[in-house]
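Undergrad: Could you have a look at this structure, given as structure tokens, before my questions?
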Ligand code: GLN
């Protein structure tokens, strides 16, 4: 049966709880244990699928089609364990389950309360699949003291009591602010945060303290004394130049040892961290740098394209170069010539997105890349825009557009090269959608197979003809226009197995121009860079004449 590690946060948000959890998962794996990571989010949305990336960063999609928190991306990148629908839950989902049961009459006339009904629902979720792994790591979103978080904290408190002694561990992540004027690292906010936790019945076993620099011995002892943890359970989490140094850094600080000690696992199996050492070495000692322009819409918030930024880094790891991604707002190209902006970049990436704003700018970026022979990777909306560009400028369809946009304010004069997908095959079943469907969870979501054309560039990159990739889209390129586009050099090199849905397009006479309807970035990992990102960065490197 699994041992449970609950990771909570205090003092401020955005301290990197997800990253700390993911790195700990990787460290436990390096010692030969199996792990699964879960995220419990206290917000009331049923899932993050309907939230703007500005609100909550990227939506991470699992193979089984769940739209989840971006922390699940960290979990996958660090542990390689594919996240599932059952690895992410929100207060919204919990309450909606409870209310559904109440309406069904499952509670047999009882008054429904936070304790025990809501907390039981949370505990049932935590317990799912507990026999499958050695360690289950559960991260609670938000910070201790948040109103929405209380049922979750209460549930994990109860959970640790339900289990035999020594089967659960609480790890609390806080911030040690540095006061320049007095030259001091302050422990008081951490003390308060731990006090708050203890007031709701949770005594942390391990403290992970984020700080800009090292934590002097005196402060460690003070934290241990005032927060009632062992001195070797005060783990310093200093700012790192790359997140992929985290497993090594936390190991040096003794995090995994402290966890194994707390569970009385002795002798502790020795860790094999050689693969992480190789990654850290490749990041710290690149042979050069390539510049990639990412032309998108949500450019003000770094987290909105988290997996893309990480996948580019992975492509850099594979090619021993540093990838400098620069985010450019696509709307600029609706007013200005893209050339002065894009000249000088080694490659261009147009990511996924929703809605019309900025799309004409993305089309211009695709045109620039195609005509100037700059490597181009179009992802989801980025593929759709590349197809529209080719339709307009190569295939004599000047009014090519997408049904997602209000091109002629309802007059429908445009040519719908990209249309609203109403029916598709998932496994053995047919999925049907209407324009009037609710927005939450109704896209073509999760893993789908695709077949690649023999002799195509993508077949060469993947090293095979059958692939499976993750999707999240409502619109689709219409195969009606395939012949016209192929005649002009835009090859449909990947299709759904039934041959109806274009999955990949590539420009034939071009150094590297690929559009994909899926999201390869979601499956890329530092220890296993995605083939498309590996080869895209290779093409950027060739283009930069670094080789
Ligand atoms: N908005 C487009 C669609 O729904 C693209 C989605 C995406 O880029 N993830 O098809």
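Please treat every number below as a calculation from the coordinates, not as lab data. Remember, it's a predicted structure, so these values are computed and weren't measured experimentally. Neighbour counts are summed over all protein chains in view; Cβ atoms, including those assigned to glycine, are modelled from backbone coordinates with ideal geometry.
Undergrad: Can you give the extra length, in nm with one decimal, that the chain gains between residue 106 and residue 196 once fully stretched, where that is 0.36 nm per residue apart less the Cα-Cα distance?
TA: Extending this stretch completely gives an extra 28.9 nm.
Undergrad: Also, I was wondering about something else. Could you tell me how far the Cα centroid of the range 1-70 sits from the Cα centroid of the range 237-271, in Å?
TA: Result: 19 Å between the Cα centres.
Undergrad: Which peptide among 332-345, 463-476 comes first, and what is the full order, when sorted by highest mean count of other Cβ atoms within 10 Å?
TA: Taking the mean over residues of other Cβ atoms within 10 Å, the ranking is 463-476, 332-345.
Undergrad: From the C-alpha coordinates alone, can you work out the Kirkwood hydrodynamic radius of the range 11-139, in Å?
TA: 15.7
Undergrad: Between 0 and 90 degrees, rounded to the nearest ten: what's the tilt of helix 274-284 against the longest Cα principal axis of the chain?
TA: 60
Undergrad: Across the range 63-138, how large is the tail of the calculated P(r) beyond 22 Å, expressed as a percent of all Cα pairs?
TA: That tail contains 34 percent of the Cα-Cα pairs.
Undergrad: Also, I was wondering about something else. For helix 188-199, report the angle its Cα long axis makes with the longest principal axis of the Cα atoms of the chain; keep it between 0 and 90° and round to the nearest 10°.
TA: Between the helix axis and the principal axis of the chain, the angle is about 80 degrees.
Undergrad: What's the Cα-based Rg to Rh of the chain, Rh via Kirkwood?
TA: On the Cα set of the chain, Rg over Rh gives 1.00.
Undergrad: May I pose another question? How far apart, in nm, are two points set 7 Å out from the Cα along the Cα-to-Cβ line at residue 120 and at residue 161?
TA: It is 1.6 nm.
Undergrad: Mind grabbing the base-10 log of I(q)/I(0) for the range 334-375 at q = 0.31 Å⁻¹? Debye formula, identical points on the C-alpha positions, no solvent, two decimal places.
TA: Values returned for q = 0.31 Å⁻¹ are -1.21.
Undergrad: Measure off 7 Å from each Cα along the Cα-to-Cβ vector at residue 238 and residue 148, then give the distance between these two points in nanometres to one decimal.
TA: 3.5
Undergrad: Nearest 10 degrees, 0 to 90: what angle lies between the long axis of helix 91-104 and the longest principal axis of the chain (Cα atoms)?
TA: Computed tilt is about 90 degrees.
Undergrad: Using Cα pairs under 8 angstrom and six or more residues apart, how large is the relative contact order of the chain, in percent?
TA: Across the chain, relative contact order equals 15 percent.
Undergrad: Size of the range 136-273 along its principal axes in angstrom, Cα-based, largest extent first?
TA: 46, 40, 28
Undergrad: Within the P(r) computed for the range 395-515, what percentage of the Cα pairs occupies the region above 17 Å?
TA: 62
Undergrad: Another one. Cα-based Rg of the range 298-385 per 2.2 N^0.38 Å, rounded to two decimals?
TA: In units of the 2.2 N^0.38 Å rule of thumb, it is 1.05.
Undergrad: May I pose another question? Report, in whole Å, the centroid distance computed from the Cα atoms of the range 321-341 and the range 295-320.
TA: 14
Undergrad: Once you have the Cα-Cα distance between residue 226 and residue 545, take 0.36 nm times their residue separation minus that, and quote the gain in nm to one decimal.
TA: Taking 0.36 nm per residue and subtracting the Cα distance, the gain is 109.1 nm.
Undergrad: Please list 307-314, 37-44, 53-60 highest first by mean number of surrounding beta-carbon atoms within 10 Å per residue.
TA: In decreasing order of mean packing, 307-314, 37-44, 53-60 become 307-314, 37-44, 53-60.
Undergrad: How large is the translational diffusion coefficient of the range 377-441 in µm² per second when you combine the Kirkwood radius over alpha carbon pairs with Stokes-Einstein at 4 °C and 1.567 mPa s?
TA: 96
Undergrad: May I ask you to sort 545, 36 by Cβ crowding, counting other Cβ atoms within 10 Å and putting the fewest first?
TA: Going from least to most buried by this count: 545, 36.
Undergrad: Now for a separate question. Using 0.36 nm per residue of separation minus the Cα-Cα distance, give me the extension gain between residue 430 and residue 442 in nm, one decimal.
TA: Residue separation times 0.36 nm, minus the Cα-Cα distance, leaves 3.0 nm.
Undergrad: What order do you get for 385, 51, 1 when you list them from fewest to most C-beta neighbours inside 10 Å?
TA: With the fewest neighbours first, 385, 51, 1 line up as 1, 51, 385.
Undergrad: Distance from a point 7 Å along Cα→Cβ of residue 394 to each backbone N in the range 494-509: keep the residues under 19 Å and list them by number.
TA: Within reach of a label on residue 394, which here means backbone N under 19 Å from a point 7 Å along Cα→Cβ, the range 494-509 contributes 494-496, 501-509.
Undergrad: If you average the C-alpha positions of the range 144-161 and of the range 344-377 separately, how far apart do those two centres end up, in angstrom?
TA: For the range 144-161 versus the range 344-377, the Cα centre distance is 46 Å.
Undergrad: Under the Kirkwood approximation applied to all pairs of distinct alpha-carbon atoms, what is the hydrodynamic radius of the range 135-182 in Å?
TA: Final number for the Kirkwood radius of the range 135-182 is 13.1 Å.
Undergrad: Give the Debye-formula value of log10 I(q)/I(0) at each listed q (0.16, 0.22, 0.26, 0.30 Å⁻¹), with one equal scatterer per alpha carbon of the range 284-324, two decimals each.
TA: These q points yield log10 I(q)/I(0) values of -0.42, -0.72, -0.89, -1.03.
Undergrad: Would you compute, from DSSP H runs of 4+ residues alone, the mean residue ellipticity of the chain at 222 nm, taking -39500 (n - 2.57) per run and dividing by the full residue count, rounded to the nearest 500?
TA: Value at 222 nm, helices only, nearest 500: -10000 deg cm²/dmol.
Undergrad: Cα-Cα pairs above 28 Å in the range 273-425: how many percent?
TA: Percent of Cα pairs beyond 28 Å in the range 273-425: 28.
Undergrad: If r is the Cβ-Cβ distance from residue 127 to residue 508 and R0 is 56 Å, what FRET efficiency results, to the nearest 0.05?
TA: 0.55
Undergrad: I'd like the Kirkwood hydrodynamic radius of the range 152-228, using the inverse of the mean 1/r over distinct C-alpha pairs, in Å.
TA: 13.6
Undergrad: Taking the simple approach of a point 7 Å from Cα along Cα-to-Cβ for both residue 284 and residue 336, what is their distance in nm?
TA: Rounded to a tenth, the inter-label distance reads 3.9 nm.
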